[in-house]
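One structure below.
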Amino acid sequence: MPSPAVVHVAVFVPLRKPFSYLWPAGWKQSPTPGLLLRVPFGPRSAYGFLLRVGAGGEAEENGLKEVTEIVDPEPLFPPSMTAFFERIARYYHHPIGDVVGTALPPSIFARIAGAPAPELVYSAAATEAVPPGPKQRQIVDWLRRHGSTPRRQLRALFPGTAPVLKRLAALGMVTVEDCRREWTANGAEGGGEGIAPELTVDQRDALEALRPALAGDAFAPFLLHGVTGSGKTEVYLRAAEEARSLGRKILVLVPEIALTPQLVGRFRQRMGGAQKEMAVLHSGLSNRERRTVWKGVMADRIDLVIGTRSAIFAPFESLGLIIVDEEHESGYKQSEGFRYNARDLALWRAQLDGATVILGSATPSLATFRRAREGKIGLLSLRCRVLFRPLPEVHLVDLSRRSIQGCLSPELVTALGENLERKEQSLLLLNRRGFAPFILCHDCGTVIRCPRCEISLTYYRRRNLLRCHYCDGIAEPPDTCPHCRGASLNPCGTGTERLEEELVTLFPAARLARMDSDSMTGKDAYPQMVGKMARGDVDILVGTQMVAKGHDFARITLVGVVDADATLFLPDFRSAERAFSLLTQVSGRAGRGVLPGRVLIQTRNPAHYVFGSVIGHDYENFYDQEGVFRRDMGYPPFGHLVNIVISGGKDETVEEAASLLAAWLQSSAGAVEVLGPAPCLLGRLRGKRRLQIVLKAASRPPLHQLLELFEKDAPRPPAGVKMIVDVDPVDMF
Ligand code: ADP
Ligand code: ZN
């Protein structure tokens with residue numbers, strides 16, 4: 001009788017390594033990677049995915065328990081992905097079960113986990129009726145005054161009211177809506193009829209360089225560095241067409257959901273009529289849609305997927321081409337739970353599959369550009385805009401030593417006026433939502449803060465409420481100062497809502513629109529805005545960084561940056577890089593059509609080195625200057641970081657645990673520098689105290705060795721203290 005097989009299972013428990021089990025000898029189905037299993041675990045049972053089938057008949061077999069049940073008879077990922085998952089778990093020092101659990105859409109194993117909770121939003125129904133009870137009255141009152149409110153906010157404001165909400169809904173006094181966004185691929189706009197333009201010289205050179213890579217089966221990474229409007233997308237399209245004609249599978253990543261419809265539209269127009277399908281994969285899809293796409297990829301019906309960062313886990317057996325658009329974007333980094341960076345995973349996956357990777361950007365991350373400079377990845381440059389269109393002229397408006405009315409300088413007001421007269425579109429960037437970023441008491445200097453995060457609350461005038469941008473908590477603005485009881489509370493500073501009001505006063509006839517994460521809710525908001533812009537129904541578009549990304553609005557000829565300093569002086573070593581990228585990207589929205597564009601940037605620090613590179617459209621100049629600082633400080637890409645965040649409800653316990661961990665790390669540090677513990681920039685978040693320990697090293701191996709030891713030997717934090725290990729952190733707040 002043959003000995004039973006040993007299988008290695010990624011169990012959904014917070015432990016790093018897979019566990020071994022025996023495959024019951026009597027089962028007809030043979031063990032295959034990707035199967036969802038139930039297995040005994042300690043006194044209970046747990047779920048997990050089969051990763052590998054090991055050799056049977058070893059001594060190890062003794063004492064191994066048998067798999068309890070096959071939950072789903074079809075594998076949910078191909079065997080080739082096992083190595084990918086294992087590498088990720090090792091690199092990010094994250095439990096393998098959670099890596100696989102995060103990679104697969106929740107609906108895939110809905111059977112065990114239940115579908116994810118819907119995002120319910122409540123609104124007051126259009127009725128004057130008086131609610132029956134006092135609690136019910138309170139809630140309806142709130143909704144009537146403040147507008148639609150998500151369930152979790154209502155629960156925080158009115159604890160224990162779940163049954164009350166149910167009753168109100170049953171009475172028809174409130175309406176409930178599931179607000180999970182569902183962008184679909186259809187309805188995506190786009191100009192031409194899918195006719196391919198004649199390539200520019202640079203585009204042709206880039207494709208010439210890509211062609212042999214696409215035909216071969218060796219790992220071939222490229223940076224496609226092209227100024228804004230140089231036609232990077234056209235290169236993606238041609239490369240994808242070529243890969244597809246060779247029968248290879250293609251994955252296209254975009255940094256956020258809002259950018260998928262536009263790209264999908266362009267791919268649809270050009271890549272129709274193929275034997276296999278293309279599909280969209282992102283977190284805004286319904287469970288059923290995602291499940292359908294997942295199964296379609298597994299069954300080889302779908303050969304092209306466009307999606308956001310989680311699409312890097314699409315279950316292709318083997319990929320031929322991966323495109324990462326706007327590769328510098330922080331949207332590729334998952335900032336909660338298992339903190340991977342999809343751009344880096346794209347490179348690994350391509351390495352394992354022998355695929356071509358194109359990382360595209362006008363402002364590449366320093367890490368990517370360094371690799372290109374060192375010849376580790378190929379560099380493809382698109383130096384000019386298509387059809388010889390000029391790059392926009394960029395001017396600084398120096399606001400130091402002068403005060404202006406409101407937040408727009410006379411120069412910018414004049415330019416906006418001229419643009420309105422010429423019936424051309426303008427774009428204003430202001431990276432702050434709401435009416436005012438804080439409310440200040442002019443008597444005692446108190447700033448109203450979120451009780452749970454200790455961060456100033458943003459004032460929204462139209463809805464008359466205060467909101468915390470970190471925990472999403474809301475409150476009613478107080479009439480008097482909570483500290484001195486004075487009545488001199490005033491909203492300070494300017495957000496997009498206030499800017500809009502200023503514009504209404506200045507240009508009453510102008511048609512305004514606002515694009516930020518507050519106004520872009522609901523499933524059609526984004527495509528509608530893109531449509532309005534394209535039809536010329538908007539004169540001035542106001543927005544946060546959301547407006548700077550990847551859009552191709554052909555009629556914008558003026559871009560105004562209201563407050564460049566807000567981005568430039570964030571307490572983060574990457575602030576100059578972020579500012580350079582944001583300013584270059586938003587400038588790139590100007591003059592993309594027939595008419596040339598100009599850009600006005602308001603700042604109180606015109607001498608900052610970032611501006612020279614922005615004005616000159618000179619990425620390499622920026623890279624060289626920023627590189628000196630990073631190299632001196634040992635920051636990425638010339639050094640490597642790990643951020644360990646320790647948090648919990650009790651200040652003392654958290655501080656003690658952090659000190660202990662830091663001391664342990666110090667004692668085993670070797671070539672690694674251990675910094676902290678120090679309070680995180682958000683020293684308190686959702687009521688939890690937060691401290692961080694930063695590990696810094698010139699190369700990766702000592703960092704990984706230290707983390708490995710740390711996992712094995714370091715003292716465990718006590719109950720109530722949570723620890724997160726973030727390898728290659730992007731956001732250090
Ligand atoms: P990027 O992503 O580099 O900012 P896009 O790919 O959005 O630029 O291209 C900008 C515009 O130029 C698009 O409207 C696109 O259709 C057009 N375009 C791209 N390549 C060409 C070309 N070779 N000739 C004419 N127009 C082109
Ligand atoms: Zn808060």
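A few comments on the model shown:
- Of all residues making up the stretch 467-501, the number that are away from ligand 2 (no atom under 16 Å from the Cβ) and crowded, with 17+ Cβ neighbours inside 10 Å: 11
- Note on the stretch 647-699: residues that are farther than 30 Å from L157 by Cβ and not acidic (D, E) amount to 29.
- The set of residues from the stretch 430-450 being assigned to a loop (DSSP other than H, G, I, E, B) and within 16 Å of ligand 2 (Cβ to nearest atom) comprises R433, G434, P437, I448, C450.
- Candidates K722, K712: the one that is free of Cβ contacts under 8 Å to residues at least 24 places away in the same chain, surrounded by fewer than 16 Cβ atoms within 10 Å (Cβ to Cβ) and either within 27 Å of C453 (Cβ to Cβ) or not acidic (D, E) (or both) is K712.
- Test for G56: is it small (G, A, S), modelled with pLDDT of 90 or more and surrounded by 14 or more Cβ atoms within 10 Å (Cβ to Cβ): no
Residue-by-condition table, conditions (1) over 21 Å from the mean Cα position of the chain (by Cα); (2) within 16 Å of ligand 1 (Cβ to nearest atom); (3) at positive phi:
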{"site": "G486", "(1), (2), (3)": "yes, no, no"}
{"site": "T494", "(1), (2), (3)": "yes, no, no"}
{"site": "F507", "(1), (2), (3)": "yes, no, no"}
{"site": "R511", "(1), (2), (3)": "yes, no, no"}
{"site": "S519", "(1), (2), (3)": "no, no, no"}
{"site": "A548", "(1), (2), (3)": "no, yes, no"}
{"site": "V562", "(1), (2), (3)": "yes, no, no"}
{"site": "L570", "(1), (2), (3)": "no, no, no"}
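- Pair list, Cβ < 6 Å and 6+ apart or interchain, from the stretch 36-57 residues that are hydroxyl-bearing (S, T, Y) to residues that are at pLDDT below 90: Y47/F12; Y47/I112
- Long-range neighbours under 8 Å by Cβ, at least six apart or interchain, first residue polar (S, T, N, Q) within the stretch 224-235, second outside any loop (DSSP other than H, G, I, E, B) and more than 7 Å from ligand 1 (Cβ to nearest atom): T228/T584; T228/Q585; T228/S587; S230/D202; T233/L263; T233/R266
- Selection within the stretch 282-325 - buried (at least 21 other Cβ atoms within 10 Å of the Cβ), over 24 Å from the mean Cα position of the chain (by Cα) and small (G, A, S): G320
- Selection of the stretch 302-318 for residues being within 19 Å of R211 (Cα to Cα) and touching a Ser or Thr at 6+ places or on another chain (Cβ under 9 Å) yields only S318.
- Index of the failed condition, L427 passing every other in (1) within 16 Å of ligand 1 (Cβ to nearest atom); (2) over 26 Å from K549 (Cβ atoms): (2)
- Given (1) at pLDDT below 90; (2) part of a loop (DSSP other than H, G, I, E, B); (3) hydroxyl-bearing (S, T, Y), index of the condition T494 fails: (1)
- Flag for R555 being away from ligand 2 (no atom under 16 Å from the Cβ), of a type in the set (K, R) and under 30 Å from R535 (Cβ atoms): yes
- Subset of the stretch 18-35 (residues that are in contact (Cβ under 8 Å) with a residue 40 or more places away in the chain and either closer than 24 Å to V297 by Cα or in contact with a helix residue (DSSP H, G or I) (Cβ under 7 Å, 6 or more places away or on another chain) (or both)): P18, S20, L22, Q29, T32, P33, G34, L35
- Against the conditions (1) within 16 Å of ligand 2 (Cβ to nearest atom); (2) touching a residue at least 60 places away in the same chain (Cβ under 8 Å); (3) part of a strand (DSSP E or B), L427 satisfies every one except (1).
- Residue check, G354 surrounded by fewer than 20 Cβ atoms within 10 Å (Cβ to Cβ) and at positive phi: yes
- Any hit, the stretch 588-603, residues being within 30 Å of L641 (Cβ to Cβ), modelled with pLDDT under 95 and crowded, with 17+ Cβ neighbours inside 10 Å: yes
- Restricting attention to the stretch 192-243, the residues that are surrounded by fewer than 16 Cβ atoms within 10 Å (Cβ to Cβ) and either within 16 Å of E327 (Cα to Cα) or aliphatic (A, V, I, L, M) (or both) add up to 6.
- Close Cβ contacts (under 7 Å, 6 or more residues apart or on different chains) running from residues in the stretch 90-103 that are outside the structural domain of A342 (by TED's automatic domain parsing) and on the phi < 0 side of the Ramachandran plot to residues that are in a helix (DSSP H, G or I) and hydroxyl-bearing (S, T, Y) are absent.
- Checked against the criteria, C453 does not count as within 10 Å of ligand 2 (Cβ to nearest atom) and without any contact (Cβ under 8 Å) to a residue 40 or more places away in the chain.
- Number of positions in the stretch 153-170 that are surrounded by 13 or more Cβ atoms within 10 Å (Cβ to Cβ) and of a type outside the set (V, I, T): 10
- Sole residue being in contact with an Asp or Glu (Cβ under 9 Å, 6 or more places away or on another chain) and modelled with pLDDT of 90 or more, chosen from P78, P95: P78
- Taking the criterion of being at pLDDT below 95 and over 13 Å from N605 (Cβ atoms), the residues of the stretch 561-576 that qualify are L570, P571, D572, F573, R574.
- Of all residues in the stretch 679-733 being closer than 10 Å to I646 by Cα and of a type in the set (A, V, I, L, M, F, W, C), the one that is nearest to ligand 2 (Cβ to nearest atom): C680
- Residue within the stretch 458-466 that is away from ligand 2 (no atom under 16 Å from the Cβ), surrounded by fewer than 15 Cβ atoms within 10 Å (Cβ to Cβ) and either assigned by TED's automatic domain parsing to the domain that holds V559 or outside any strand (DSSP E or B) (or both) present: yes
The values are calculated or read from the model by the stated rules, or taken from the named source; none is laboratory data. Just so we're clear, the structure is a prediction, and the values are computed from it rather than from any experiment. With ideal geometry, Cβ positions are generated from the backbone for all residues, glycine too; neighbour counts draw on all protein chains shown.
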